[in-house]
Amino acid sequence: MKKIGIILKLVLIIGLVVAIPFVIISPFWLEHTRSVIYSMFIIYPNSLLMIGITIQFIKLFQSLEKNNPFNYENVKTLKKASIISLAMSILWVIDLLLMIFMIGNTYINYIIVLVFLAVLFLGVAIALYILSELFRQATDYKEENDLTI
């Protein structure tokens, strides 16, 4: 289990190291057409939010390395990741609405991808919130059990 945790933590850190320069450089790579400029206002903040989720997961892996997964800090970390994921979903919906109504882009593949991303991050937000509540209850039981012993 520790080896998998270390591997996942390394993958997240490498992803973070690669993502930060990509987020900074990506607006300059994009062709400055009207639709790309609108999308840039959505994609760029979503990239920053994804870095935030990655940082939250790194915090979770650090607590797993310490063999202390059931604590209130992990509950807060999961709730933060859930809120960040919900914000990402909202931004993808805004991008979808901008593409359809303001830009008039009806390219079906682009619309399908945006709907998929909005639903995906909404599902992730719900799953992380449920997981945070499970961790909160488990932490409550652990604290109660520690007090009785």
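Using the crude model of +1 on Lys and Arg Cβ and -1 on Asp and Glu Cβ, and no other charge, please compute the dipole size for the chain relative to its Cα centre, in debye to 20.
260 debye
When Lys and Arg each count +1 and Asp and Glu each count -1, what net charge do the other residues less than 13 Å away from Thr139, Cβ to Cβ, add up to?
Its environment carries a net charge of -2.
Helix-only mean residue ellipticity at 222 nm, the chain, DSSP H runs n ≥ 4 weighted -39,500 (n - 2.57), per residue, nearest 500. What is it?
When only DSSP H runs of four or more count, the value is -31000 deg cm²/dmol.
Using θ = phi - 60° and the Karplus relation 6.51 cos²θ - 1.76 cosθ + 1.60, list the HN-Hα couplings for the stretch 125-140 in order, rounded to whole Hz, with x at every Gly or Pro.
4, 5, 5, 5, 5, 4, 5, 5, 5, 5, 5, 5, 5, 5, 5, 4
Ranking Tyr72, Tyr129 by Cβ neighbours within 10 Å, fewest first, what do you get?
Tyr72, Tyr129
Sort the following peptides by mean Cβ neighbour count (other Cβ atoms within 10 Å, averaged over residues), highest first: 115-123, 99-107, 47-55, 85-93.
85-93, 47-55, 115-123, 99-107
State the answer as a single residue: which of Leu96, Ile55, Tyr72 lies farthest towards the positive end of the charge dipole of the chain, with beta carbon charges of +1 for Lys and Arg and -1 for Asp and Glu, about the Cα centre.
Going by the charge dipole, the pick is Ile55.
Would you work out which of Ile20, Asn145, Phe116 lies farthest towards the positive end of the dipole of the stretch 2-148? Charges go on Cβ: Lys and Arg +1, Asp and Glu -1.
So the residue furthest toward the plus end is Ile20.
State log₁₀ I(q)/I(0) for the stretch 2-148 at q = 0.21 Å⁻¹ as given by the Debye formula over alpha-carbon point scatterers of equal weight, solvent excluded.
Log-scaled intensity ratios, in q order: -1.27.
What trypsin sites (Lys or Arg not before Pro) in the stretch 46-149 are in a loop by DSSP, with at most 10 other Cβ atoms within 10 Å of the Cβ?
Answer in residue order: Lys66.
Can you list the aspartates and glutamates whose alpha carbon is less than 12 Å from that of Lys9, not counting same-chain residues fewer than 8 positions off?
Straight-distance partners of Lys9: Glu65.
Using the alpha-carbon centroid of each, what span in Å lies between the stretch 72-96 and the stretch 97-137?
11 Å
Mind checking the alpha-carbon convex hull of the stretch 70-132 and giving the volume per residue in Å³?
So the per-residue Cα hull volume is 52 Å³.
Values quoted throughout were computed directly from the atomic coordinates according to the rules given, and no laboratory measurement underlies them. Note that the coordinates shown come from a computational prediction; the quantities given were computed from them, not determined experimentally. Every residue, glycine among them, receives a Cβ derived from its backbone with ideal geometry; neighbour counts consider all protein chains shown.
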